[in-house]
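Remarks on the structure that follows.
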Ligand code: OGA
Ligand code: NI
């Protein structure tokens, strides 16, 4: 399998270039089968829960426990919530998002210097998966390693705009801290020791990557998707969406719910590895991205992952005779080969590995 990950199976087309070329119809490569196309499923006027983190570690026991309960029910029922009062500077969030928008708006030759390959996915990319002839998504992205430190290589990060590297460093440090607080909260609310999840992720040695998504305007948004349905393979994702344009949809009872971003919130979601560690008490939920013909959209997905060579398995405390372990141990390195080979394919992987691993 490793061998087919060396290079892309066909020439790379930048979706942004396609979009800017002024085409009126999208190429067949981007046209989804009718059952995968966006529709008008969002009639329910529900939205993912919003959790105020202000009282997460308050000395007031009641407030603290209330917050934990909200997180717990969001992770069970939705796999998603929007976190407000998370402690990260709104100014830093905005500057980091805007510096990435500037990067994507720079000339193609500049971006091409960072062109990526499927060996590590680091750099400027336009597809996920290496299947020849696959139907592609309407987006470009930039992927980079933040942790562990030995994988961090700022020379592979954009050198322009000149503040880009510093902002990535500062933003990453803040988001990793927030991730630590959330792992603690999730551990406690699962009835585990407060450092269980952090330790299972590798203690100080967790993995962390940033994927900046760029969804160009699309002349036929009803026929395609910016990002196909998937669950995040890693531990936990903290998504900074664009401020004035929706795009993310979350699956709920078979429907697709379009998330309305709360200003300055992070969208937090459970990844497959927390589903495994929690023995499926917390769910990693399918989501996808729709595009539009009016506005480009930028989002920053920060993935907090278990150290890649650790065996990930359900916490012993959550396994009993009544509730046997639903997953057998597997490293994250091994696990993520699937999405890196086949691209985003709903939630098939964690379900498959549940019954067959
Ligand atoms: C992702 C993702 C959602 C978005 O990058 O895994 O789900 O809104 N992104 O860009
Ligand atoms: Ni995702």
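A short reminder: the numbers here are calculations on the coordinates, not readings from a lab. All figures in this text were calculated on a predicted structure; none of them were measured in a lab. Neighbour counts run over all protein chains shown; Cβ positions are idealised from the backbone, glycine included.
A few points about this structure:
- Pairs of Cα atoms nearer than 8 Å and 6+ residues apart set the relative contact order; for region 228-287 it is 46 percent.
- Cα-based shape type of region 174-333, given that a ≥ b ≥ c are square roots of the gyration tensor eigenvalues and the cut on a/c is 1.5: prolate
- Within region 27-131, the percentage of alpha carbon pairs spaced more than 21 angstrom apart rounds to 67%.
- Against the chain, whose longest principal axis comes from its Cα atoms, helix 90-104 is set at around 30 degrees.
- Translational D in µm²/s for region 261-351 (Stokes-Einstein at 25 °C, 0.890 mPa s, Kirkwood Rh from C-alpha pairs): 160 µm²/s
- Mean separation of Cα contacts under 8 Å (6+ apart) over length of region 25-89, as relative contact order %: 35 percent
- For region 121-165, the residues whose backbone nitrogen is under 14 Å from a point 7 Å from the Cα of residue 341, taken along Cα to Cβ, are 129-132.
- Per-selection Kirkwood Rh - region 164-219 (Cα, Å, 1 d.p.): 13.2 Å
- Note: region 311-354, Cα convex hull, 70 Å³ per residue.
- Helix 164-189 and the longest principal axis of the C-alpha atoms of the chain enclose an angle of approximately 30°.
- Across region 19-353, Cα pairs under 8 Å and at least six residues apart give a relative contact order of 23 percent.
- Ranked for footprinting exposure by Cβ neighbours inside 10 Å, fewest first, 135, 188 give 135, 188.
- Per-peptide average of other Cβ atoms within 10 Å, ordering 307-315, 150-158 highest first: 307-315, 150-158
- Against the main long axis of the alpha-carbon atoms of the chain, helix 61-77 sits at an angle near 50°.
- With the convex hull of the Cα atoms taken as the outline of the chain, the averaged projected area works out to 17.7 nm².
- Theoretical ellipticity at 222 nm over the chain - DSSP helices of four or more residues, -39500 (n - 2.57) apiece, nearest 500: -8000 deg cm²/dmol
- Kirkwood Rh and Cα Rg combined as Rg over Rh, evaluated for region 99-143: 0.99
- Fewest-first ranking of 176, 250, using other Cβ atoms within 10 Å as the exposure measure: 176, 250
- Tensor-based shape of region 74-182 (alpha-carbon gyration tensor, a/c under 1.5 rounded, otherwise prolate or oblate): oblate
- Order of 184, 94 under a 10 Å beta carbon neighbour criterion, fewest first: 94, 184
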